[in-house]
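Notes for the one structure printed next.
The values are calculated or read from the model by the stated rules, or taken from the named source; none is laboratory data. Every value quoted in this text rests on a predicted model; they were computed, and no experiment measured them. Neighbour counts run over all protein chains shown; Cβ positions are idealised from the backbone, glycine included.
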Amino acid sequence: MQKCKYGIDELMEVMDVFNVPAPAAAQIRAILSAQNPEPNAGVFFRYYNPRSKTEEFERCFAAHLGSRHALAVNSGTSALIASLVAAGVGPGDEVILPAYTFFASVSAVVVAKAIPVIVDIDESLTLSPQAFEKAITPRTKAVLPVHMLGLPARMDVIVDIARKHNLLVIEDAAQACGGSYQGKYLGTWGDFGCISLDAYKVIGAGEGGVVLTDSDWYCMRAQSYHDTAACWRPDRFGKERQPGELFCGENYRMSELASAVALAQLRKLDWIISSCRRNCSLIRANCPLPAGVKWLECADPDGICGYTLPLLFADKEFSFRAQNAKIVGGNAGDATRGVRNWHMAWHWEHILEQKTATAEGCPFQCPLANAVPRYHADSWQQSRDIIHRMGTISVSPHLTADECKDLGAKISAGLAHC
Ligand SMILES: Cc1ncc(COP(=O)(O)O)c(C=O)c1O
């Protein structure tokens with residue numbers, strides 16, 4: 001009789017997630033049962049587990065990226081919200097972010113009760129530093145650059161502008177784990193970096209996320225918020241040591257099971273990034289481009305994650321033809337077939353129409369929020385033009401050199417006849 005709460009039955013269910021074939025699973029069960037184990041897996045709560053996978057993942061992740069702290073959470077969205085709250089962003093504050101990002105970035109700002117100020121991207125597909133600086137008001141508290149498609153934003157310029165105006169920098173590196181800018185990992189340039197570990201990101205845990213910060217104070221606040229303010233500070237039951245230490249939070253804790261997967265994935269990160277980058281170079285070298293299309297100029301070509309190789313067409317007609325012929329990927333559907341795409345501000349109905357969970361309209365109607373922007377789908381024409389002219393090539397780390405060469409040649413020929 002098994003004494004432990006979690007045992008072989010649960011382990012076998014997890015194995016089933018990995019599609020272990022039934023005969024192999026039966027053998028494994030037989031071996032484990034024969035040894036009559038009482039698997040000591042009873043401590044699935046990270047803070048009571050002396051061998052916590054979450055703690056180990058945080059330690060390894062922080063060391064890998066060169067961040068003082070890494071706090072594992074249950075999603076990239078949670079990482080953004082916990083960072084904003086830890087930063088002290090709240091009612092009456094404005095946060096500047098780009099019009100091209102997954103909806104989670106803007107949603108996190110609203111959930112943190114602040115006002116999103118949405119500005120254009122430039123041809124790097126990331127936040128335009130000029131648009132950012134122009135949008136700063138006395139109410140701006142933070143800027144939230146996003147490294148879309150694993151492409152770095154111009155972090156040196158953005159951080160300089162932010163420091164000049166005394167703003168916090170919260171990097172949304174959800175799509176950019178392992179990427180870098182000027183040799184420094186994305187997510188480690190700002191006061192906070194937010195990583196997603198959802199199933200489709202560079203590395204994943206099914207669901208998960210990480211808050212990166214070098215600040216002990218911010219880490220403590222993010223940790224507190226992510227753990228319902230149970231607050232392991234170091235004295236869990238001690239009185240508040242300084243104002244801002246104790247406040248109510250949510251439960252964004254990462255589960256031990258997800259952390260175990262994340263840990264294994266982290267060990268593959270360098271291989272994934274170096275393979276993708278090598279494959280990008282091979283595809284490019286074997287893909288001469290016809291007139292009217294060029295490789296997109298990244299803010300730092302050496303720092304891209306490399307799972308997407310972006311192109312920029314001279315006009316959207318050429319871009320849509322190439323997309324509709326399935327030579328490249330892109331957003332033609334959003335423009336020509338009326339598909340709503342949650343990565344573009346002009347589709348964010350929740351923001352455009354200021355939809356809120358309750359009739360009071362918080363935070364848009366908050367008495368502390370002055371001069372709330374009038375969001376309109378026709379804003380961000382520069383972003384729309386760039387997004388419509390963008391084409392993408394998906395790059396797997398598993399491609400062989402020959403496959404990369406063939407792919408490059410095929411795309412080149414396809415574009416030439418398009
Ligand atoms: C740019 C960006 N930010 C935030 C998120 C949210 O991450 P998660 O799905 O882990 O909540 C995503 C996820 O797609 C994203 O692409």
*If a residue has to be touching a residue at least 60 places away in the same chain (Cβ under 8 Å), crowded, with 24+ Cβ neighbours inside 10 Å and more than 18 Å from Asp122 (Cβ to Cβ) to count, how many in region 149-178 make the cut?*
4
*Output the residues belonging to region 130-147 that are crowded, with 24+ Cβ neighbours inside 10 Å and either over 17 Å from Ser78 (Cα atoms) or more than 12 Å from the ligand (Cβ to nearest atom) (or both).*
Phe132, Ala142, Val143, His147
*Which numbered condition Val111 misses (of (1) in contact (Cβ under 8 Å) with a residue 40 or more places away in the chain; (2) closer than 22 Å to Gly193 by Cβ; (3) of a type outside the set (S, T, N, Q))*: (1)
*Restricting attention to region 258-280, which residues are in contact with a helix residue (DSSP H, G or I) (Cβ under 7 Å, 6 or more places away or on another chain) and more than 30 Å from Pro301 (Cβ to Cβ)?*
Ser259, Ala260, Leu263
_Candidate set: region 277-295, residues that are of a type outside the set (Phe, Trp, Tyr) and over 16 Å from Asp402 (Cα atoms); chosen: the one surrounded by the fewest Cβ atoms within 10 Å (Cβ to Cβ)_ = Ala291
*Scanning region 8-55 for residues that are assigned to a helix (DSSP H, G or I) and among the aromatic types (Phe, Trp, Tyr), which turns out modelled with the lowest pLDDT?*
Tyr48
*Could you give me the residue pairs with C-beta distances under 9 Å whose first residue belongs to region 190-209 and is farther than 22 Å from Leu84 by Cα and touching a residue at least 40 places away in the same chain (Cβ under 8 Å), whose second residue is among the acidic types (Asp, Glu) and near the ligand (Cβ under 7 Å from one of its atoms) wherever it lies, and which are 6+ apart or on separate chains?*
Gly204/Asp198; Ala205/Asp198; Gly206/Asp198
*Can you spot a residue in region 299-315 that is exposed (fewer than 14 other Cβ atoms within 10 Å of the Cβ) and on the phi > 0 side of the Ramachandran plot?*
no
*asked:* Which residue is farthest from Val261 (Cα to Cα), if the candidates are limited to region 198-216 and must be touching a helix residue (DSSP H, G or I) at 6+ places or on another chain (Cβ under 8 Å) and of a type in the set (D, E, K, R)?
replied: Lys201
*Odd one out for Cys219 among (1) assigned to a helix (DSSP H, G or I); (2) modelled with pLDDT under 95*: (2)
_Filter result (over 15 Å from Ala62 (Cβ atoms), away from the ligand (no atom under 16 Å from the Cβ) and exposed (fewer than 15 other Cβ atoms within 10 Å of the Cβ)) within region 201-238_ = Trp217, Thr228, Trp232, Pro234, Asp235, Arg236, Phe237, Gly238
_I need the full set of residues from region 63-95 which are in contact with a Pro (Cβ under 8 Å, 6 or more places away or on another chain) and either part of a strand (DSSP E or B) or within 14 Å of Ile195 (Cβ to Cβ) (or both), in order please._
Glu94, Val95
*Residue by residue through region 301-333, note down the ones that are of a type in the set (Asp, Glu) and in contact (Cβ under 8 Å) with a residue 40 or more places away in the chain.*
Asp302, Asp315
_Spans of helices (runs of 4 or more DSSP H) in region 239-352 with at least 3 residues more than 30 Å from Tyr185 (Cα to Cα), away from the ligand (no atom under 16 Å from the Cβ) and not assigned by TED's automatic domain parsing to the domain that holds Glu13_ = 316-324, 332-336
*Scan region 369-381 residue by residue and report those that are surrounded by fewer than 13 Cβ atoms within 10 Å (Cβ to Cβ) and assigned to a loop (DSSP other than H, G, I, E, B).*
Asn370, Ala371, Arg374, His376, Asp378
_Qualifying residue in region 106-120 (condition: assigned to a helix (DSSP H, G or I) and surrounded by fewer than 21 Cβ atoms within 10 Å (Cβ to Cβ))_ = yes
*Verdict on Ala82 being more than 23 Å from Ala135 (Cβ to Cβ), touching a helix residue (DSSP H, G or I) at 6+ places or on another chain (Cβ under 6 Å), buried (at least 20 other Cβ atoms within 10 Å of the Cβ) and in contact (Cβ under 8 Å) with a residue 60 or more places away in the chain*: yes
_Condition met for Ala332 (out of contact with any Leu (no Cβ under 6 Å at 6 or more places or on another chain) and farther than 28 Å from Ala173 by Cβ)_ = no
*Pull up region 179-189, narrow it to residues that are touching a residue at least 40 places away in the same chain (Cβ under 8 Å) and over 12 Å from the mean Cα position of the chain (by Cα), then point me to the one that is surrounded by the fewest Cβ atoms within 10 Å (Cβ to Cβ).*
Gly183
